[in-house]
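Everything on this sheet refers to the single structure shown next.
The values are calculated or read from the model by the stated rules, or taken from the named source; none is laboratory data. Since the structure is predicted, the reported quantities are computational estimates derived from the model, not experimental observations. Glycine also receives a Cβ, built like all others from the backbone with ideal geometry; neighbour counts cover every protein chain displayed. SASA here: full protein model, heavy atoms, side chains in, ligands and nucleic acids out. Shrake-Rupley method; radii C 1.70, N 1.55, O 1.52, S 1.80 Å.
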Amino acid sequence: MSTDLKIKVRGLSKAFGRKVVLNNLDLDVPRGQSLVVIGGSGTGKSVLIKCILGLLTPDKGSIEIDGREMVGASSDQREDAMRKFGMLFQGSALFDSLPVWENVAFGLIEGRGMKRRAAKEIAVRKLGAVGLGPEVGALYPAELSGGMQKRVSLARAIATEPEMIFFDEPTTGLDPIMSQVINELISKCVNDLGATALTITHDMHSLREIGDQAAMIFEGKIVWAGPAGDVDHSGNGFVDQFVHGRAEGPIKMPIRPL
Amino acid sequence: MISFLQTIGRTFLSGLEAIGRVTLFTLKSVLLAIQPPYYPRLILKQMIEIGFYSLPVVGMTAIFTGMVLALQTYTGFSRFSAESAIPNVVVISLTRELGPVLAGLMVAGRVGAAMAAELGTMRVTEQIDALTTLSTNPFKYLVAPRLIAGLIMLPVLVLIADIIGVAGGYLVSVVKLGFNHATYLKNTVDFVQALDVISGLVKAGVFGFIVALMGCYHGYHSHGGAQGVGKATTNAVVTASILILIFNYVVTELFFAR
């Protein structure tokens, strides 16, 4: 039922020149749940999330957020929708001209018009929630390690206490311990806020840690969707091959002989 | 033959497409720049970046241009015993043409390149996307302050360049060529008209807008990693320089055509 859905995507298509990235894709994100979309590189995961966020304009299809159509919405309507969102980018995307605390407080100061002092207090609190001390607030992003940047980015995503948080490859490029730390922080933050979450990843460990629901994308379509606990026995050839990392299966890698 | 014509047609159409894209970018930037929210802190920061930090390079350009102008005019005009026209030539050339054009080209190299590199890096590291997800319009936050600062600060720079350039001509004429200093200054002040200075300042405003616009346009649309940022930087400087020369003619025509 659409009333239980935070996001409803129907017939979404997007091509770049001749390359079709999303091909008539349907996706439901249930309210209050954490949906993890898995898929290999170049299957359209990032394009999907960017279309939902309005960073890319789809060629056709419908994206409803809280029952309101977002494709073709005015910039004011889109900005309203954005106020409900938080986003953790794959490369963290921290503003390197601003200190860490201003990065975290950015959505509060610029998006909500909060006074800088009050926003700084919240930023320091959010940094604490992701395991970073207040002294980190004065540093610049270039002075942080990759794991710390991810945590700052997570703090920025949750600073405005959004209704929905997007995670784009949250553990890519991190060591296994830091990946686990990030996964646990994501689960904790999403649960504490009672937010809906949409994560795209190819990390099966992340899926098991943070997902309530799962979906698999291949060649721009959702080829399987179900509870996250079912991925190991989905009965779907694509999912089985991906989960077990087999070279043989319905997903073909075009490899030419040397 | 047909493929040759096709190439010409394709080049012509892509040229028209580029003009259309720049025009839409300009209209969107200007429309959003006049709507709230405004960012006075960012405008001030850009004014310092464009105005204050460009002073040394513009000042050096102006003083040596004024000095060379006096020297060259002397060697040329002495053949007709018209040395007394040196102050007039120096002040008219500087205020009407050389001041705004040379300052515009120097600022295009220094500031336009920096803007394209900064925005280009922000684009390829998803910082511009992050701005959007934090309910902040990148046009209002990044582009508008740079356009406003360029529009305001280049006339200020050119006014200073005019004074420094005239001082350079005065220095060479009095110290090296033996002109009477009082006569030189009197000739300069008597000959120069308000329209000479005003036309130069109007040109400077146009050039400042062009430099900021090209820096923002190429940076904003940068793609393809470090190579893309490098290309955006080069394109920003080249297109700004060419447009400065074109609009120099257009504004001159508007002011002085009979």
Worksheet item: Which of (1) buried (at least 19 other Cβ atoms within 10 Å of the Cβ); (2) modelled with pLDDT of 95 or more is the odd one out, the single condition B:VAL57 does not satisfy?
Response: (1)
Worksheet item: Which residues, taken from the range A:100-121, are more than 21 Å from B:THR132 (Cβ to Cβ) and either surrounded by fewer than 19 Cβ atoms within 10 Å (Cβ to Cβ) or within 13 Å of chain B (Cβ to nearest Cβ) (or both)?
Response: A:LYS115, A:ARG116, A:ARG117, A:ALA118, A:GLU121
Worksheet item: Within the range B:107-124, which residues are in contact with a Leu (Cβ under 9 Å, 6 or more places away or on another chain) and either open to solvent by 40 Å² or more (accessible area, probe 1.4 Å) or within 18 Å of A:VAL152 (Cβ to Cβ) (or both)?
Response: B:GLU118, B:MET122
Worksheet item: So how many residues does the range A:123-143 have that are within 14 Å of chain B (Cβ to nearest Cβ) and hydrophobic (A, V, I, L, M, F, W, C)?
Response: 2
Discussion item. Within the range A:18-39, does at least one residue satisfy the condition of being without any contact (Cβ under 8 Å) to a residue 40 or more places away in the chain, crowded, with 20+ Cβ neighbours inside 10 Å and either aliphatic (A, V, I, L, M) or away from every other protein chain (no Cβ under 13 Å) (or both)?
Written reply: no
Response to the item:
Of the residues in the range A:55-70, those that are of a type outside the set (D, E, K, R) and buried (at least 16 other Cβ atoms within 10 Å of the Cβ) come to A:LEU55, A:LEU56, A:PRO58, A:GLY61, A:ILE63, A:ILE65, A:MET70
Worksheet item: Quick one: which of B:VAL206, B:VAL143, B:VAL166 is closer than 29 Å to A:ASN103 by Cα and at pLDDT 95 or above?
Response: B:VAL143
Practice prompt. Say whether the condition of being assigned to a helix (DSSP H, G or I) and away from chain A (no Cβ under 11 Å) is met by at least one residue in the range B:125-136.
Written response: no
Response to the item:
Taking the range A:85-96 and keeping only residues that are open to solvent by 10 Å² or more (accessible area, probe 1.4 Å) and more than 8 Å from every other protein chain (Cβ to nearest Cβ), one is left with none
Worksheet item: Does A:GLY61 fit the bill of being away from chain B (no Cβ under 11 Å), in a strand (DSSP E or B) and more than 20 Å from the chain's Cα centre (by Cα)?
Response: yes
Worksheet item: Residue check, B:ALA204 against (1) within 30 Å of B:ASP129 (Cβ to Cβ); (2) in contact with a Pro (Cβ under 7 Å, 6 or more places away or on another chain); (3) among the hydrophobic types (A, V, I, L, M, F, W, C), all met but one. Which one?
Response: (1)
Worksheet entry | In the range B:163-193, residue surrounded by the most Cβ atoms within 10 Å (Cβ to Cβ) [restricted to those that are among the hydroxyl-bearing types (Ser, Thr, Tyr) and closer than 23 Å to B:GLU97 by Cβ] | B:SER173
Practice prompt. Please specify each residue of the range B:10-43 satisfying the condition of being in a helix (DSSP H, G or I), loosely packed, with under 12 Cβ neighbours inside 10 Å and within 14 Å of another protein chain (Cβ to nearest Cβ).
Written response: B:LEU31, B:PRO40, B:ARG41
Item to complete: Starting from the range B:12-23, keep only residues that are under 16 Å from B:MET214 (Cα atoms), then list their pairs with residues that are modelled with pLDDT of 95 or more whose Cβ atoms are within a distance under 7 Å, requiring at least 6 positions of separation or different chains.
Response: B:VAL22/B:TYR217
Worksheet item: List pairs: first in the range A:172-192 and closer than 10 Å to A:LYS150 by Cβ, second open to solvent by less than 80 Å² (accessible area, probe 1.4 Å) and at pLDDT below 85, Cβ under 7 Å, 6+ apart or cross-chain?
Response: A:ILE182/A:LEU174
Worksheet item: Within the range B:203-236, how many residues turn out to be surrounded by 14 or more Cβ atoms within 10 Å (Cβ to Cβ) and more than 21 Å from B:ALA161 (Cα to Cα)?
Response: 18
Discussion item. Looking at the range B:141-156, can you tell me whether even one residue there is touching a Phe, Trp or Tyr at 6+ places or on another chain (Cβ under 9 Å), facing chain A (nearest Cβ under 10 Å), open to solvent by 10 Å² or more (accessible area, probe 1.4 Å) and not in a helix (DSSP H, G or I)?
Written reply: no
